[in-house]
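First the structure, in the form of structure tokens, and then the observations on it.
The values are calculated or read from the model by the stated rules, or taken from the named source; none is laboratory data. All values reported here derive from a predicted model rather than from experimental measurement. Using ideal geometry, Cβ is built from the backbone for each residue, glycine included, and neighbour counts are taken over all protein chains shown.
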Amino acid sequence: MDCYTANWNPLGDSAFYRKYELYSMDWDLKEELRDCLVAAAPYGGPIALLRNPWRKEKAASVRPVLEIYSASGLPLASLLWKSGPVVSLGWSAEEELLCVQEDGVVLVYGLHGDFRRHFSMGNEVLQNRVLDARIFHTEFGSGVAILTGAHRFTLSANVGDLKLRRMPEVPGLQSAPSCWTTLCQDRVAHILLAVGPDLYLLDHAACSAVTPPGLAPGVSSFLQMAVSFTYRHLALFTDTGYIWMGTASLKEKLCEFNCNIRAPPKQMVWCSRPRSKERAVVVAWERRLMVVGDAPESIQFVLDEDSYLVPELDGVRIFSRSTHEFLHEVPVASEEIFKIASMAPGALLLEAQKEYEKESQKADEYLREIQELGQLTQAVQQCIEAAGHEHRPDMQKSLLRAASFGKCFLDRFPPDSFVRMCQDLRVLNAIRDYHIGIPLTYSQYKQLTIQVLLDRLVLRRLYPLAIQICEYLRLPEVQGVSRILAHWACYKVQQKDVSDEDVARAINQKLGDTPGVSYSDIAARAYGCGRTELAIKLLEYEPRSGEQVPLLLKMKRSKLALSKAIESGDTDLVFTVLLHLKNELNRGDFFMTLRNQPMALSLYRQFCKHQELETLKDLYNQDDNHQELGSFHIRASYAAEERIEGRVAALQSAADAFYKAKNEFAAKATEDQMRLLRLQRRLEDELGGRFVDLSLHDTVTTLVLGGHSKRAEQLARDFRIPDKRLWWLKLTALADLEDWEELEKFSKSKKSPIGYLPFVEICMKQHNKYEAKKYASRVGPEQKVKALLLVGDVAQAADVAIEHRNEAELTLVLSHCTGATDAATADKIQRARAQAQKK
Amino acid sequence: MAFPHRPDAPELPDFSMLKRLARDQLIYLLEQLPGKKDLFIEADLMSPLDRIANVSILKQHEVDKLYKVENKPAVSSSEQLCFLVRPRIKNMRYVASLVNADKLAGRTRKYKVIFSPQKFHACEMVLEEEGVYGDVSCDEWAFSLLPLDVDLLSMELPEFFRDYFLEGDQRWINTVAQALHLLSTLYGPFPNCYGIGRCTKMSYELWRKLEEEEDGETKGRRPEIGHVFLLDRDVDFVTALCSQVVYEGLVDDTFRVKCGSVDFGPEVTSSDRSLKVLLNAEDKVFNEIRNEHFSNVFGFLSQKARNLQAQYDRRRGMDIKQMKNFVSQELKGLKQEHRLLSVHIGACESIMKKKTKQDFQELIKTEHALLEGFNIRESTSYIEEHIDRQGSPIESLRLMCLLSITENGLIPKDYRSLKTQYLQSYGPEHLLTFSNLRRAGLLTEQAPGDTLTAVESKVSKLVTDKAAGKITDAFSSLAKRSNFRAISKKLNLIPRVDGEYDLKVPRDMAYVFSGAYVPLSCRLIEQVLERRSWQGLDEVVRLLNCNELAFTDVTKEDKASSESLRLIMVVFLGGCTFSEISALRFLGREKGYRFIFLTTAVTNSARLMEAMSEVKA
């Protein structure tokens, strides 16, 4: 272990920095890095290189090549650059390559060099050309900041939701700033720029001059500035070789350092670790790399080759033609364990485990020592944590072995932290592999989350590995395996050399009924690649018919969409398709389509009933649905038409339709109504009052009530009102008029077809007992008892009932016997009953 | 009186959660429009809304004034207008006219439409056509289940009946499926499902689809409700068409229960004000009489009154301490009971006045004759007379439908003459009513085969009306026996009565119709629950014309506790009546089940007929 700390370099008293190799690069670079535009995505992302012919102003005719490599130097894409001059390259958070052209157009490419889209940064940028551009990351996504030839800034904080913002002018700015950067504070993007000895902060509203506190005097120009990964810190490099480090808000100075090198550095980036107190900046010149922090001495490295720095969350990646290294502050746990002569519990535990393997009793001594201090738990935790920060699997293993060993002597140590670390490391080692080339550190991995990592694997088309990881981590299918399979399928449909059948089958075989897989999404992708047939085949696998519809509509398979929509049972969906069809087809075809789909038809009818009455009529016409057409006209006859003529005409149309529908009853009834309507109109003219819209019955009643008996009779004859009805009608009307004389006359006009009980009833209703009694005598024998009871003649009722020897009648009378007055009657009945029983 | 539940009867789930959910969602929606706003509420939604969030809650969330959505221009001065409506095209036009009027006046306000229970594409279409889609923001208040009582959930969608069973509009099926889905997420999956009817089948399938799409959530849960039985209203129209004689049903038929409460007019309250009374299990007096046959109710109430008096009388001879106790603890309860008692006695009196008249008895007699299938001619003339005398049009229609269904359609002669009489009595627009009724299968013509009718119509042209009638009768006797009769026989719906049916101690569910008829719907439920499937009921299903439409879906694995297996939810698509509820409550007490009722709306014969009636606007 003596050599383990060999690559540790102390900075000041409390911190060590180490640099180790991630990969030895065997990319076959044709150009020097310094001749290229370089962009490397954070979180171990891909590297893009574009030889920059425009800067050198030589052979512009030679088209440059855009090359994309994985972090381990494996080529991912290579394409001939055919567009305009590029000023800057950068990766978005979704690992899309943004290429900012001189004319302000930003071209977006995928990881595999596939063109995605482009957008412009606005007219102002187009006119003044792009002088410089930066791609930066905020919590909203990835932004682009542009410095134009007019020395104005334009930025968009999120290229996914492009909103261009033109920053205010810097007063008196004649030349380009010596350096500038984007800051992100309080969720707003600012620009910090240096002009000579002055610093300006640009926000949306204003430009303000700022001065870093405690800045050494004598500065006449700022050569370089750097913001930390989290936008919390800022470093400034001045022309005096002096470095100021402080908070990005420029309110506080952290430390300063004078390196005495006046040459402008090539790159300056922060190198710090989350939750660490140490602040350090890495400055790179042509052949020199310097780590400076809050210490009088700096750490210096010699650079053998052209190198490029990539700031990361917890360190700096440095790559060159032949190597790819990682420089970071040694994490606390590692430091405690591996520091020379460390007596930290973790260090002792590691030692104990080694002795144990050597079968030496020293193991016991070490262990006791830890236990005596009661630090075994802490020791195990330290070992687990340190294992996470190790890059080499053998070191990870020995630390985990130590932790596992220590765990044996602990009663209740929760196993999950250990298990999770083992799993995480397994995943990390897998993706750090040269072939995969995502050199994430443990902290970066945790920050990125497994979900995003899976996305990135999918983006690199590393489906099997992604699925293996999901299965290994037992992620729920919807988030894990099925999502990846869906992505795979979307990729698969783009393989144009495979036939539709094969693709569809292959996809279905792999995906089956995996929950969470949306076949419609895959089909949409297939359609996007122009493979309509394949899309339809894929849609057949979609279990939710509702999901099939929108795409089918888009592919102009409207009829298929309609039947699918109906299958789904979702009426809204059906309606959507209907409206689509209505616009797409001519009226006749549309109606024909409806005709075969009763559910859709009734839905559309409902809509028309309220919104498009004429269409409804056309629909019925088209279908030869004369019955409904008749109903339609009937409704129109009283809802839509005001004038009698109009109403009669509507009724005539209705009658015609009913005849066609062979509904003679309805036709006749309608014709009667036409007759009645005309007649009512005449009555109104001749007699005054309101007749129109009354029913036949009410019309006659009104006539009787108005004393127009003759007319009433005539009407009854004309419309063949049955006798019974007429009698009921007259009876009621005359009683209402309390025209007892007329009523009596009427009752004697001929034999009542409804009997005379109703006469009794109606008189009693009007509380005219006298009149009622008159009719009670005429009531037929079956109803006599009832009639007598109605007029209150209990005694006589009893007599009749006894005479009839009808048990039910007797009971009925008995129930009417109340109080003392009827006692005699009750007696009589009881006696009669008894007699009847005797017999 | 009111029968207690068996001691092993399961507890009902707590449905108040549904109210809380609906309230929270509504508040959230109101808060989406911060600041003062005027709320326009559709009339149909007012009562349900009142059960969820009263005015003071609305005011708390900055609702300034409340308006009813009606066909009048509104005079609101607020800068923000919020509309709470059912998804109907009519309402959209109302909103659009309001917005367009503002536009003409150069006024800009914020408009928000909240659709309950969901929004329909057609509505948005109308807004678009009227050119206001961009001015209005739309939201959904997924309030589809209102607990009206501890065992009764209503979707408060009376239009469901007409929309589906008449217009063939399937738009509410999704709402039903969503509501069922909500219940299964809240109260666990339903291990055993049965159903009958086309709409039922579609709703069920859609519901299953929803569950599949979101599975995992309900999987691990223990079911709280062991069985669910879904039923289309058109499977059993007969029961819904009968006059109700159980107290709760009678109150509904007489005074119209609306959203679980009823407005008792001056004739009941015997004062000049009307009184709104909430009818549910919390009303102790009502709870004891709701399921009783009306003939028992009055006796019970007077007994109750005597008891109450005795309680009051205890006052006498109390010392001061006892009196203090009495006043502080019992008096309030007694007063409350007193108040309720007087309300129900008033209601009873009012019902008696209306219903114990001869007319009503005759009516019931006719109904029973129709159900039992004797004296058809007599019943037909009774109906005719009812029409001739211009009795209530709804009542006449109801009797005609009852006749038609029990007889498998009217014989052509009656069909024509009754319709003619009806048109003469109540107006020609009812031609459309008849067309509706025919489409819904409620009032049809017997079809002894088309050839026969053709022959008959030719014959009737040649001979006099009377002769034609005889011929028709002869023809119709050739027609097969009515389905209803056959079902009635198979399921023993008409109990054989030996002597008087004692309505005080009911023997079977027939008591809800004075012992004359066991509700078909309830009998079906009973039979299926007994068999745990439709097995052995094939003939009945065939007679109901539901061959492909009856299903059983029973899960084998038995995670359900025996307690939950005795909890049964019955879903009525198209509405259920209080008589059916009472009958099933009775069945539950007999068998140790508890029933939960889910209905698109509480209905009765009048509501069904009104839904089919065409009225002049």
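Looking only at segment A:161-180, count how many residues are assigned to a strand (DSSP E or B), closer than 13 Å to A:Leu223 by Cβ and either touching a Ser or Thr at 6+ places or on another chain (Cβ under 9 Å) or of a type outside the set (Phe, Trp, Tyr) (or both). Steps first, answer last, please.
First, the residues of segment A:161-180 that are assigned to a strand (DSSP E or B): A:165-166, A:179-180.
Then keep just the ones that are closer than 13 Å to A:Leu223 by Cβ; that gives A:179-180.
Of the ones still in play, those that are also either touching a Ser or Thr at 6+ places or on another chain (Cβ under 9 Å) or of a type outside the set (Phe, Trp, Tyr) (or both) are A:179.
Final tally of qualifying residues: 1.
For segment A:141-168, what are the residues that are of a type in the set (Val, Ile, Thr) and more than 23 Å from the chain's Cα centre (by Cα)? Outline the logic, then answer.
First pass over segment A:141-168, keeping only residues of a type in the set (Val, Ile, Thr): A:144, A:146, A:148, A:154, A:159.
Scanning segment A:141-168 gives A:Val144, A:Ile146, A:Thr148, A:Thr154.
Checking the structure you have, find out if any residue of segment B:356-364 is polar (S, T, N, Q), surrounded by fewer than 20 Cβ atoms within 10 Å (Cβ to Cβ) and more than 14 Å from chain A (Cβ to nearest Cβ).
For segment B:356-364, residues polar (S, T, N, Q), surrounded by fewer than 20 Cβ atoms within 10 Å (Cβ to Cβ) and more than 14 Å from chain A (Cβ to nearest Cβ): absent.
Output the number of the condition that A:Tyr604 fails; it satisfies all remaining conditions of (1) touching a helix residue (DSSP H, G or I) at 6+ places or on another chain (Cβ under 6 Å); (2) of a type in the set (Ser, Thr, Tyr); (3) at the interface with another protein chain (Cβ under 8 Å from one of its Cβ atoms).
(3)
Can you tell me which residues in segment A:71-93 are under 36 Å from the mean Cα position of the chain (by Cα) and touching a residue at least 60 places away in the same chain (Cβ under 8 Å)?
Scanning segment A:71-93 gives A:Ala71, A:Leu76, A:Ser92.
Among the residues of segment A:583-591, are any within 14 Å of chain B (Cβ to nearest Cβ) and either under 24 Å from the mean Cα position of the chain (by Cα) or of a type outside the set (Val, Ile, Thr) (or both)? Can you show your working first?
Restricting attention to segment A:583-591, the residues satisfying the condition of being within 14 Å of chain B (Cβ to nearest Cβ) are A:583.
Okay, now just the ones that are also either under 24 Å from the mean Cα position of the chain (by Cα) or of a type outside the set (Val, Ile, Thr) (or both), so A:583.
Yes, because at least one residue in segment A:583-591 is within 14 Å of chain B (Cβ to nearest Cβ) and either under 24 Å from the mean Cα position of the chain (by Cα) or of a type outside the set (Val, Ile, Thr) (or both).
Tell me the residue from B:Val176, B:Val150, B:Val136 that is away from chain A (no Cβ under 14 Å), modelled with pLDDT of 90 or more and under 28 Å from B:Thr555 (Cβ atoms), please. Working first, answer last.
Working: B:Val176 fails: away from chain A (no Cβ under 14 Å); B:Val136 fails: under 28 Å from B:Thr555 (Cβ atoms).
Result: B:Val150 is the single residue among B:Val176, B:Val150, B:Val136 that is away from chain A (no Cβ under 14 Å), modelled with pLDDT of 90 or more and under 28 Å from B:Thr555 (Cβ atoms).
I'm trying to understand the selection: among the residues of segment B:17-43, which are more than 14 Å from B:Lys65 (Cβ to Cβ) and in a strand (DSSP E or B)?
Result: B:Glu42, single match.
Residue by residue through segment A:393-432, note down the ones that are assigned to a loop (DSSP other than H, G, I, E, B) and in contact (Cβ under 8 Å) with a residue 24 or more places away in the chain. Spell out the reasoning first.
Filtering segment A:393-432 for residues assigned to a loop (DSSP other than H, G, I, E, B) gives A:408-415.
Within segment A:393-432, A:Phe409, A:Leu410, A:Phe413 meet the criteria.
Output the number of the condition that A:Arg643 fails; it satisfies all remaining conditions of (1) of a type in the set (D, E, K, R); (2) more than 14 Å from chain B (Cβ to nearest Cβ); (3) surrounded by 15 or more Cβ atoms within 10 Å (Cβ to Cβ).
(3)
When you check B:Ala74 against the structure, is it small (Gly, Ala, Ser), out of contact with any Ser or Thr (no Cβ under 7 Å at 6 or more places or on another chain) and within 14 Å of chain A (Cβ to nearest Cβ), yes or no?
Values: small (Gly, Ala, Ser): yes; out of contact with any Ser or Thr (no Cβ under 7 Å at 6 or more places or on another chain): yes; within 14 Å of chain A (Cβ to nearest Cβ): no.
Answer is no for this residue.
Among (1) surrounded by fewer than 17 Cβ atoms within 10 Å (Cβ to Cβ); (2) under 20 Å from B:Phe513 (Cα atoms); (3) at pLDDT 85 or above, which single condition is B:Ala369 missing?
(1)
For segment B:579-602, enumerate the residues that are crowded, with 24+ Cβ neighbours inside 10 Å and closer than 26 Å to B:Phe434 by Cα.
Correct list: B:Thr600, B:Val602.
Kindly establish whether A:Lys617 is away from every other protein chain (no Cβ under 11 Å) and closer than 30 Å to B:Asp169 by Cβ. Break it down into steps so the answer makes sense when it comes.
Numbers: away from every other protein chain (no Cβ under 11 Å): yes; closer than 30 Å to B:Asp169 by Cβ: yes.
Yes: the conditions hold for A:Lys617.
Within segment B:133-160, track down each residue that is crowded, with 21+ Cβ neighbours inside 10 Å and free of Cβ contacts under 8 Å to residues at least 40 places away in the same chain.
B:Ser144
Does at least one position in segment A:60-70 carry a residue that is within 34 Å of the chain's Cα centre (by Cα), touching a residue at least 12 places away in the same chain (Cβ under 8 Å) and either closer than 18 Å to A:Phe153 by Cα or outside any strand (DSSP E or B) (or both)?
yes
Quick one: in segment B:307-355, of everything that is in contact with a helix residue (DSSP H, G or I) (Cβ under 7 Å, 6 or more places away or on another chain) and of a type in the set (Ser, Thr, Tyr), which residue is farthest from the other protein chains (Cβ to nearest Cβ)?
Ranking the qualifying residues of segment B:307-355, first place goes to B:Tyr312.
Within segment A:567-577, can you find the residues that are more than 9 Å from chain B (Cβ to nearest Cβ) and surrounded by 21 or more Cβ atoms within 10 Å (Cβ to Cβ)?
Step one: list which residues in segment A:567-577 are more than 9 Å from chain B (Cβ to nearest Cβ), which gives A:567, A:577.
Selection gives A:Val577 alone.
Step by step: first the residues of segment B:372-409, then only those that are closer than 17 Å to B:Arg485 by Cα and small (Gly, Ala, Ser), then the one that is surrounded by the fewest Cβ atoms within 10 Å (Cβ to Cβ). Which residue is that?
B:Gly373
Quick one: in segment B:162-171, of everything that is surrounded by 20 or more Cβ atoms within 10 Å (Cβ to Cβ) and out of contact with any Pro (no Cβ under 9 Å at 6 or more places or on another chain), which residue is farthest from the other protein chains (Cβ to nearest Cβ)?
Applying the first criterion (surrounded by 20 or more Cβ atoms within 10 Å (Cβ to Cβ)) to segment B:162-171 yields B:163-165, B:169-171.
If we keep only those that are out of contact with any Pro (no Cβ under 9 Å at 6 or more places or on another chain) too, we end up with B:163-165, B:169-170.
Numbers: B:Asp163: 8, B:Tyr164: 10, B:Phe165: 12, B:Asp169: 5, B:Gln170: 6 Å.
The residue in question is B:Phe165.
So in segment A:659-703, with the set limited to residues that are in a loop (DSSP other than H, G, I, E, B) and within 8 Å of chain B (Cβ to nearest Cβ), which one is surrounded by the most Cβ atoms within 10 Å (Cβ to Cβ)? Even if it seems obvious, please write down each step before you answer.
Filtering segment A:659-703 for residues in a loop (DSSP other than H, G, I, E, B) gives A:661-663, A:688-695.
Narrowing further to those that are within 8 Å of chain B (Cβ to nearest Cβ): A:693-695.
Details: A:Asp693: 15, A:Leu694: 16, A:Ser695: 21.
If we take residues in segment A:659-703 being in a loop (DSSP other than H, G, I, E, B) and within 8 Å of chain B (Cβ to nearest Cβ), then A:Ser695 is surrounded by the most Cβ atoms within 10 Å (Cβ to Cβ).
Quick check: is even one residue across segment A:169-180 crowded, with 18+ Cβ neighbours inside 10 Å and within 25 Å of A:Pro42 (Cα to Cα)?
The answer is yes, given that some residue of segment A:169-180 is crowded, with 18+ Cβ neighbours inside 10 Å and within 25 Å of A:Pro42 (Cα to Cα).
With within 14 Å of another protein chain (Cβ to nearest Cβ), surrounded by fewer than 23 Cβ atoms within 10 Å (Cβ to Cβ) and of a type outside the set (Asp, Glu) as the only criterion, which of B:Arg273, B:Arg208, B:Arg256 stands out? Quick ask: steps written out before the conclusion?
Numbers: B:Arg273 fails: within 14 Å of another protein chain (Cβ to nearest Cβ); B:Arg256 fails: within 14 Å of another protein chain (Cβ to nearest Cβ).
Result of the check over B:Arg273, B:Arg208, B:Arg256: B:Arg208.
Return the residues of segment B:533-582 that are without any contact (Cβ under 8 Å) to a residue 60 or more places away in the chain and hydroxyl-bearing (Ser, Thr, Tyr); say none if nothing qualifies.
Hit for segment B:533-582 is B:Ser562, nothing else.
Look through A:Ser83, A:Ser92 and report the one residue that is of a type outside the set (A, V, I, L, M), at pLDDT 90 or above and in contact with a Leu (Cβ under 8 Å, 6 or more places away or on another chain).
Details: A:Ser83 fails: at pLDDT 90 or above.
Of the residues listed, the single one that is of a type outside the set (A, V, I, L, M), at pLDDT 90 or above and in contact with a Leu (Cβ under 8 Å, 6 or more places away or on another chain) is A:Ser92.
B:Gly168 - would you say it is over 30 Å from B:Ala43 (Cβ atoms), small (Gly, Ala, Ser) and not assigned by the TED database to the domain that holds B:Asn91? It would help to see each step written out before you state the result.
Working: over 30 Å from B:Ala43 (Cβ atoms): no; small (Gly, Ala, Ser): yes; not assigned by the TED database to the domain that holds B:Asn91: yes.
Considered against the rule, which asks whether it is over 30 Å from B:Ala43 (Cβ atoms), small (Gly, Ala, Ser) and not assigned by the TED database to the domain that holds B:Asn91, B:Gly168 comes out as no.
Do we have any residue at all in segment B:92-100 that's without any contact (Cβ under 8 Å) to a residue 12 or more places away in the chain, of a type in the set (S, T, N, Q), surrounded by fewer than 21 Cβ atoms within 10 Å (Cβ to Cβ) and under 28 Å from B:Gly131 (Cα atoms)? I'd like the intermediate steps shown before the answer.
So in segment B:92-100, the residues without any contact (Cβ under 8 Å) to a residue 12 or more places away in the chain come out as none.
Scanning segment B:92-100 turns up no residue that is without any contact (Cβ under 8 Å) to a residue 12 or more places away in the chain, of a type in the set (S, T, N, Q), surrounded by fewer than 21 Cβ atoms within 10 Å (Cβ to Cβ) and under 28 Å from B:Gly131 (Cα atoms).
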